[in-house]
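Notes follow the structure.
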Amino acid sequence: MPDQPPIVQFRAVDKRFGDGPPVLAGIDFDVAAGEFVSLIGPSGCGKSTLLRLASALSPATSGEVRVDGTTPARAREHLAYVFQEPTLLPWLTAARNVELPLRLRGVPAAERQARARGLLALVRLGGAAAYYPRQLSGGMKMRVSIARALSREPRILLLDEPFGALDEITRNHLNEELLGWRAKAPFTALFVTHSVAEAVFLSSRILVMAANPGRIHAAVPVAFPYPRDAALREQPAYFAKVAEVSHLLHAAEGAAA
Amino acid sequence: MRRRDGLLWLAPVVSGALFLALWEAVRAASGLQSWILPTPGEILAAAWTEQATLLAAAGRTAVGALGGFLAAAVAGLVIALGLGGARWLRTGLYPWLLILQMTPVIVLAPIIVLWAGPGLPGIITVTFLISFFPIVGNTTQGLLSADAHGVDLFQLYGATRLQEVRLLRLPSALPYFLAGLRIAATLAPIGAIFGEYLVGNEAGGTGGLGFLVYSYNVQIKIPALFATAAISCLLGFVFVAAVAWLNWLLLHQWHDSFERKDR
C-alpha cells in the first residue's frame, strides 16, 4: 500500500496536569503501521502518560494526537492496552477474563468462548482456562492479560511495561513469544519499558526519552530482521545496539535539567 | 507446634467448661439466691420447662429480625448504588444518613409506633434502622474501591455505565457488602429484640424474645430470663453463621481472604 498514513501521530503535543509543570513537551513522532516502537527513558519522563494520550484515557493539553487516521477516542475500536499490572478481574476465570472485551462488545457467548479458548491456547495456557487469577503465577497472569488484549484483534497494541515485574528469564521468554503472537495476529506496537535489552530485542525503532519535561531525546532504528529468536541476544550486533541505546539513555538523563 | 494445632478447636470448649464450673463455684461459695444468680443447671431447667414459650418467642423474633435484615440488605445495596454512582448524592445524603444512624432508636420508638404501627411492622422498622447503616457504608466504599486500571480498561473497551457497574463495580464491592452484612447479622437479632421491647408490647404485641424479657422480669423468673438471653445468643449465632456461609459461597474460589487449596 503506497503512502499509508502513520497509524499513530503526535504533533507538538504538550501535557500538563492542572497548573503543574509540563509532563510532556513538544512530543513529535509518527509510528507506521506494522512497526514495533519502544519508549524508553528515566522514571517520570512521561512514557506512560504518552500511552494514555494515545488511548484517550487522558487528553493532550495542546498539540494533536491522531490514531488510525482519527482522534484517539474514535480509534479505540481498533486499540488494545496492556497495563503494567495484569489487571485481571479476580472473580473471573482466565477464560472469562479473556472473553471480557468481547462480552462488552456484545459478542454471543458461544463465539466468545471459542475465541477465548483459541487465544489461551496461543499463549500456551490452554490448560488453565478454568483457573482464577490468584491460582496463576505473575507470568501466567500477564499471558492472560495479553490474550485478553488480543481478543479485540487490535490494529494497535499499547503496552505499559507489561513485563517490568517479572524475573528476567520469564521476561525473555515472554519477549520471544510476544513477537511470535505478533506474527500470527499482526498489530502495531507502542511499548513502554525500563529495559534497554528488552527494547532492542523487540523493537523496530526505539524512542529514547528525557525527563523534566518529558521529551524525545533520540530515535534509534533497530534493523534486525523479524522473526527474531533467543539467538539474537548472543550476537555482537545486538550488544552493540544495546550499548548504543544505553549510551543515549545516559546522555538523556544528563540532559534532564 | 504443628501437631497441636489439630486440637485447637478444644480450646473454647475447655474455656467454656471452666467458666461454667467457676460460675457454679461462685454461686455455691457466695450463698446468693437463685433469683440473683441462677446456676447454669437452673437456667437449663428453666429453659426446659419454658421450652414451648421460648421456642415460639424465638421464632417470632427470628421473623422480625429476618424481615429487618433483608430490608436492610436490599435498601442498603440500593442506597449504596446511588451513593457510589453519583458524587452529588454522596455529598448530599451521606451526612443525613450519618445523623439518622446517630439518633438513638429509643427516641424514635414512639414515632415508629405511630407511623409503622405496633407489632411486626414496628419491630422490622427498628431492626432495619439499627442494621442498615453498616451495609450502606461498606458497600459504598466497595463500589468506589474498584481498581483504577480496571476502570480504565472498561472505559477503553467501550463499556456502558451499566456494564461497568454490573461487571466491575458490583463484584469489586461484593466482599465489602458481605462484610457489611456480617455486621448487620450481629445487629439484626439485637434490633428485633430491642424493637419488641420498645414497640412490641403495645396492643397486639407479638410476644417475641423481647416481650419475654419484659414478662419474665416482671414475674421475677430470673433463670428463665437467663435462658432467654442464651436463646437470643443462639439466634444471633444462626444469623452470623448464615452470612458466613454466604460469604464462603460467594468468595472462596477467588478472594484472597480464603486460603488457596494448593498452598
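For A:Y81, B:Y176, which order do you get if you count the other beta carbons within 10 Å of each Cβ and list the fewest first? Could you put the intermediate results ahead of the total?
On the way: A:Y81 26, B:Y176 20.
Ordered from fewest to most neighbouring Cβ atoms within 10 Å, A:Y81, B:Y176 come out as B:Y176, A:Y81.
Report the net charge of residues surrounding A:T87, where surrounding means a beta-carbon distance below 13 angstrom and charges are Lys +1, Arg +1, Asp -1, Glu -1. Mind showing how you got there, number by number?
Values: positive: A:K141, A:R148; negative: A:E85, A:D160, A:E161, B:D147, B:D152.
Spelling it out: positives minus negatives among the neighbours equals -3.
Taking all pairs of distinct Cα atoms, average 1/r, flip it, and tell me the Kirkwood hydrodynamic radius of segment B:150-263 in Å to one decimal place. If you can, show how the numbers build up before the last one.
Numbers: mean 1/r = 0.0570 Å⁻¹.
Radius from the Kirkwood sum: 17.5 Å.
Just how large is the dipole of chain B about the Cα centre, in debye to the nearest 20, putting +1 at every Lys and Arg Cβ and -1 at every Asp and Glu Cβ? Please report the intermediate quantities before stating the final value.
Details: 15 positive and 12 negative charges, 95 e Å.
Dipole size: approximately 460 debye.
Taking the Cα atoms of the protein assembly as shown, report the difference between the largest and smallest coordinate on each principal axis, in whole Å and largest first.
99, 57, 52
What does the charge count near A:I216 come to, summing +1 for each Lys or Arg and -1 for each Asp or Glu among other residues with Cβ under 12 Å from its Cβ?
Working: positive: A:K47, A:R205, A:R215; negative: A:D28, A:D30.
Local charge sum for A:I216: +1.
Apply the a/c threshold of 1.5 to the C-alpha gyration tensor of segment A:27-160 and tell me whether it is rounded, prolate or oblate. Intermediate results must be reported in sequence, preceding the final value.
Details: a/c = 2.32, a/b = 1.68, b/c = 1.38.
Since a/c reaches 1.5 and a/b is larger than b/c, the shape of segment A:27-160 is classed as prolate.
Using the number of other C-beta atoms within 10 angstrom as an exposure proxy, rank A:M142, A:M209, B:M102 with the fewest first.
Numbers: A:M142 27, A:M209 24, B:M102 8.
Ascending number of Cβ neighbours within 10 Å: B:M102, A:M209, A:M142.
Is there a quick way to get the dipole size of segment A:34-96? I mean about its Cα centre, with the Cβ of Lys and Arg at +1 and of Asp and Glu at -1; what is the value in debye to the nearest 20?
Here segment A:34-96 has a charge dipole of around 120 debye.
Could you please rank B:S145, A:S145, placing first whichever residue has the fewest other Cβ atoms within 10 Å of its Cβ?
Numbers: B:S145 14, A:S145 25.
Taking fewest neighbouring Cβ atoms as first place, the list is B:S145, A:S145.
What is the spread of the Cα atoms of chain B along each of their three principal axes, largest first, in whole Å?
Taking the Cα atoms of chain B, the three principal extents are 75, 61, 28 Å.
Under the classification rounded if a/c is under 1.5, otherwise prolate if a/b is larger than b/c and oblate if not, where does segment A:98-182 fall, given a ≥ b ≥ c as square roots of the Cα gyration tensor eigenvalues? Show your work: numbers first, answer last.
Working: a/c = 1.98, a/b = 1.47, b/c = 1.35.
Taking the square roots of the gyration eigenvalues as a ≥ b ≥ c, segment A:98-182 is prolate.
Report the charge-dipole magnitude of chain A in Debye, nearest 20, computed about the Cα centre from +1 at each Lys and Arg Cβ and -1 at each Asp and Glu Cβ.
Numbers: 29 positive and 24 negative charges, 188 e Å.
Rounded to the nearest 20 debye, it is 900 debye.
Taking the Cα centre of chain A as the origin and placing charges on Cβ (Lys, Arg +1; Asp, Glu -1), which of A:H217, A:A32, A:L122 is farthest toward the positive end of the dipole?
Of the candidates, A:L122 comes out farthest on the positive side.
Positive end of the charge dipole of chain B (Lys, Arg +1 and Asp, Glu -1 on Cβ, about the Cα centre): tell me which of B:I111, B:L44, B:G142 has its Cα farthest that way.
The residue sitting most towards the positive pole is B:G142.
Would you calculate, for chain A, the mean residue ellipticity at 222 nm contributed by helices, counting each DSSP H stretch of 4 or more residues as -39,500 (n - 2.57) and dividing by all residues, to the nearest 500?
Working: 7 runs with 91 residues, N = 257.
Helix contribution divided over all residues of chain A: -11000 deg cm²/dmol.
Taking square-rooted eigenvalues a ≥ b ≥ c of the alpha carbon gyration tensor, is segment A:197-257 rounded, prolate or oblate, where a/c under 1.5 means rounded and, failing that, a/b exceeding b/c means prolate? Please list the in-between numbers first.
Working: a/c = 3.26, a/b = 2.18, b/c = 1.50.
Note, shape of segment A:197-257 comes out prolate.
Work the Kirkwood hydrodynamic radius out for chain A: mean of 1/r over every pair of different alpha-carbon atoms, inverted, in Å. Let's see the in-between values first.
On the way: mean 1/r = 0.0530 Å⁻¹.
One over the average 1/r among Cα pairs gives 18.9 Å for chain A.
Which Cα, out of A:Q9, A:P227, B:A72, lies furthest along the positive dipole direction of the protein assembly as shown (beta carbon charges, K/R +1, D/E -1)?
Value computed over the given set: A:P227.
Segment B:129-191: D in µm²/s via Stokes-Einstein (Kirkwood Rh, Cα pairs, 4 °C, 1.567 mPa s)?
Working: Rh = 12.5 Å.
For the chosen part, D equals 104 µm²/s.
May I ask what percent, to the nearest 5, of DSSP beta bridges between residues of the protein assembly as shown are antiparallel?
Values: 18 of 37 bridges.
If we restrict to bridges inside the protein assembly as shown, about 50 percent are antiparallel.
Can you quote the Å³ per residue value for the convex hull of the Cα atoms in segment A:6-84, rounded to an integer?
Values: hull volume 7.8 nm³, N = 79.
Dividing the Cα hull volume of segment A:6-84 by its residue count gives 99 Å³.
Quick check on segment A:124-257: what are the equivalent-ellipsoid semi-axes from the Cα gyration tensor, as sqrt(5λ), descending, whole Å?
Equivalent ellipsoid semi-axes, largest first: 28, 17, 15 Å.
We did not get these values from a lab; they are worked out from the coordinates using the rules stated. What you are looking at is a predicted structure, and each value in this text was computed from that prediction instead of being measured. Virtual Cβ from ideal backbone geometry, glycine too; neighbours counted across all protein chains shown.
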